[in-house]
Every structure is written in C-alpha cells, then in structure tokens.
1. Segment B:42-71 to segment A:1-77: how many Å between their Cα centroids?
2. What percent does the relative contact order of segment B:1-97 come to when contacts are Cα pairs within less than 8 Å and at least six residues apart?
3. What does the convex hull of the Cα atoms of the protein assembly as shown come to per residue, in Å³, rounded to a whole number?
4. Counting other C-beta atoms within 10 Å, which of A:Tyr35, A:Tyr10, A:Tyr47 has the fewest, and how do the rest follow?
5. Please report, in debye to the nearest 20, how large the charge dipole of segment B:2-96 is about its Cα centre when each Lys and Arg carries +1 at its beta carbon and each Asp and Glu carries -1 there.
6. Can you work out the FRET efficiency for the pair B:Asn27 and A:Arg9, with r the C-beta to C-beta distance and R0 = 30 Å, to the nearest 0.05?
7. Take every Cα pair under 8 Å in segment A:31-79 that's 6+ residues apart, average their separations, divide by the length, and report that relative contact order as a whole percent.
8. For A:Lys53, list the aspartates and glutamates whose Cα falls under 16 Å from its own Cα; do not include residues on the same chain fewer than 8 positions away.
Amino acid sequence: DVKVTQSSRYLVKRTGEKVFLECVQDMDHENMFWYRQDPGLGLRLIYFSYDVKMKEKGDIPEGYSVSREKKERFSLILESASTNQTSMYLCATYGSGMAQYFGPGTRLTVL
Amino acid sequence: QKEVEQDPGPLSVPEGAIVSLNCTYSNSAFQYFMWYRQYSRKGPELLMYTYSSGNKEDGRFTAQVDKSSKYISLFIRDSQPSDSATYLCAMSGLGAGNMLTFGGGTRLMVKP
C-alpha cells in the first residue's frame, strides 16, 4: 500500500509567521503534489515536483514555495502566512495509471 | 464553465439504497477516470480507477464511463452509513503529465 504522511494534522499559526508543511512518501515515486482544499472551490494545485530539486507552479502558487531535497520528501512553505491561507492542505504522490494517492491532510488556521 | 462538473449535493438516501453519483466533463482528451472518497477532515482515498470507456466493478461499487456522452458514474449498491462521505471524481489525459482535473465533490449521507 502507498503511504503518504504529513507532518501535522492540525496547525495554528499567526499572521506573518513562516510555516513549513512536510510530506513524506514511502513508494519511491517521482511525482509529488501540493493542493489546498476549500469549501466551494474544491482541490486547487499549488505546486508539483517531477523529481528531486525540480518544481513546477500549479494554479495558485502565489504566497507559497516548495522544497524537494530528497525524493521521498516534499515540503510546502508559506513565507509569510496570511489569514486567506487558512485551509486544508493535501499532499499527493503519483501512482500508476495517472491515479494520485493523498496524505491525511493538514488543517492550517492562520490567526 | 468548469472542465469537470459535479453536483455538490448533499445527497441523502436511506440505508440499503442504490446510489448514483455522476460527473460530466468537456475535455475529450480525458482517458483516465478516478473516483475518490473523502471522509470529513481526512484526505481523499482512491476508490476506483478506470481507463477509457466501460464498466469496472469492485464489491458494492461500480464505475461507469461513457466517453461519447462525456459522462462518468459511480454506483454504490446496498449503501451503508459508513459510505457517508464526499465523493470526488478526477480525470486525466495522455500527455497531461500526471495532472488530474477534479470535480468539486458530491456529499453523500446514508441514513440508518
């Protein structure tokens, strides 16, 4: 079974703080993704990575950056958290046949 | 118009009912079709995956793809309260670089 873990299930941060969300997968998959999920807006792609040290912007990269120093680990960074970044953040890894496998999610609240 | 349309619901059914969840799409290049189940405050879980047209069955779940109508369905037989969740459809095309396009999700409630 594919296992995708995320560093925190719930996180509360203050406006202006730098926030790190970490995702780890155990299947040696090359492709990893970060999404945010909001009511009425669905899943929106923030960034994705095809390989170590490679990254591509998704649909809503503003205010975010990513880091992929090791194949199994993909980090999402909020440089200066704002209240409009309060959301559910989901990491996913690509499996076979185009399907993606998701982690449990991190519910981030920015006060 | 969104590329993938999905009725948000909520869809409320009694236990034991047959449930039909649907998505329509506009991009004829889509070849791979997936259904995810997402429980409240959890990540989406891959439920069914199909390639191109046709049916696929797994236990109480049947996924159906009609590419000529650009319409996909998920049927749940003998629905259980534990099936209460949000169901997301997702799809992708060849050369899409493993990118998925998601529907907005349908919330299903199965009442005992």
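Computed from the coordinates by the stated procedures, all read-outs in this text should not be read as laboratory data. Remember, predicted model here, so these are calculated numbers, not experimental data. Positions of Cβ are backbone-derived with ideal geometry, glycine not excepted, and every protein chain shown enters the neighbour counts.
1. The two parts, judged by their Cα centres, are 27 Å apart.
2. After rounding, I find 35 percent.
3. 120 Å³
4. A:Tyr10, A:Tyr47, A:Tyr35
5. Working: 9 positive and 10 negative charges, 37 e Å.
The calculation lands at about 180 debye.
6. Working: r = 34 Å, r/R0 = 1.15.
For R0 = 30 Å, the calculated efficiency reads 0.30.
7. Values: 90 pairs, mean separation 13.3, N = 49.
Dividing the mean separation by the residue count of segment A:31-79 yields 27 percent.
8. A:Glu22, A:Asp28, A:Glu30, A:Glu69, A:Glu72
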